[in-house]
Amino acid sequence: MSAAVRVLQGKFGRVCLLDMDRPLVTHGHSQCHVLIKVSGEDTFFNVRDKSYPLTDQTAVLVNSWEPHAYTHHDPDAPGTIILALYIEPLWLGEIEKALIASGQPGFFPQPCVEISKPIRNLSNQLAMQMLYGDQLSAQQLEIQLSNLMIAVIDAFSEWRNFNDLRKADLSRIPDPRIRRALAYMRANVGAELDIDKMASEACLSRAHFFKLFQHDTSLTPNLYVNVLRMEKAIEGLTQSRVPLVSLSEGLGFSAQSHFTRFFQQHLGAMPSQYRKVVDVYDHH
């Protein structure tokens, strides 16, 4: 069964060491996402409707809000240890102002890349420290993460040429009707999603609302709600000791078992197990 070996979480986002032997459903993240194999079987991720290999030589890069899925192809195959980075664009922007563009579509033009020896060494060092339970200070962790992310970004993003594109992307304001829908969804994460009602309030047909929503967010309304639910779930698991049954009810699940299955299908670990292995770094 897939599980989280260790999780480090802070203003930088999340760093997860995952032992994966089951697929994950199609999902998205508000962070930019880097996946590096540490050990075990070669495996695959689906990004932009195409399957890409995750091997000792390759990494998979996923842009913010880009739908993707883990496609562990053989349920009888051995598992894969994966270093999964979910990095906040605002944190990268503190390192280098222009890197706030990491929250934009197209920041990583290629989903699958061949990694260099320096990137391999940096990722292995971090993975081994997590695996063996090393206690990293916030400063040590942020230095290691920034070194790894800058190495990846310099090699595989055209961020230094992003000036004109970044201005255009960051100034793009989503359709106000979709913006209102997003605000409603964020304020009502545990409520049942009623697309017909949101479309009607936006004075759009269901089909037009759906198309406009996907254009502005890159996700369907259902996938977007799932991102919000996962963010709230992770916040509840790490920032509080709220019992899982209460957390489940607050997120709109009719039974705790449904919440557990949802969480595991999106992240690869059960909520209770995630709570046990996460180290939370103070935001200050």
query = For region 236-284, what Kirkwood radius comes out of the mean inverse Cα-Cα distance, in Å?
reply = 11.4
Segments 133-144, 48-59 sorted - mean Cβ within 10 Å per residue, highest first = 48-59, 133-144
query = Taking 0.36 nm per residue of separation and subtracting the Cα-Cα distance, what length does fully extending ASP279 through GLU231 add?
reply = 15.6 nm
ask   = Any idea what % of Cα-Cα pairs in region 19-69 are farther than 11 Å?
value = 69
task = Report ASP175's accessible area, 1.4 Å probe, all protein chains in place, as a number in Å² to the nearest 10.
result = 30
message = Using DSSP H assignments, which helices in the chain have an axial alpha-carbon span of 18 Å or above and a mean Kyte-Doolittle hydropathy of 0.5 or higher?
response = 138-156
note = Between GLN31 and residues 5 or more places away or on another chain, the pairs with built amide H atoms under 5 Å apart involve TRP65
inquiry  = Can you give me the Rg/Rh ratio for region 48-125, using Cα atoms for both radii and the Kirkwood formula for Rh?
reply    = 0.99
query = Too long at a 26 Å Cα-Cα cut-off: which of LYS11/LYS276; LYS11/LYS97; LYS97/LYS211; LYS50/LYS232; LYS11/LYS50?
reply = LYS97/LYS211; LYS50/LYS232; LYS11/LYS50
inquiry  = So if each residue of separation counts as 0.36 nm, and I subtract the Cα-Cα distance between GLU249 and SER218, what length gain in nm does that give?
reply    = 8.3 nm
task = Could you give the spread of the C-alpha atoms of region 54-205 along their three principal axes, from largest to smallest, in whole angstroms?
result = 54, 45, 31
Cα-based convex hull volume of region 1-97 per residue, rounded to whole Å³ = 98
key: In nm, spacing of pseudo-spin labels at LEU131 and GLU192 (7 Å Cα→C-beta vector)   = 4.7
note = Pseudo-spin-label distance ARG206 to SER240, built 7 Å along Cα→Cβ, given in nm, is 3.4
query = Which Rg and Dmax, in Å, describe the Cα atoms of the chain?
reply = 18.8, 55
request  = Please list, in chain and number order, the residues 5+ apart from THR58 or on another chain whose amide H is under 5 Å from its amide H, with Hs placed from the backbone.
outcome  = ILE115
ask   = Can you list the HN-Hα couplings for region 50-64, worked out from phi with the Karplus curve (6.51, -1.76, 1.60; θ = phi - 60°), rounded to whole Hz and with x for Gly and Pro?
value = 9, 8, 10, x, 10, 9, 5, 9, 10, 10, 10, 10, 10, 6, 3
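The values are calculated or read from the model by the stated rules, or taken from the named source; none is laboratory data. Note that the structure is a prediction, hence the values are computed from the model and not measured. No Cβ is skipped: glycine too gets one built from the backbone with ideal geometry, and neighbour counts run over all protein chains shown. For accessibility, only protein heavy atoms count, side chains too; no ligands or nucleic acids. Shrake-Rupley method; radii C 1.70, N 1.55, O 1.52, S 1.80 Å.
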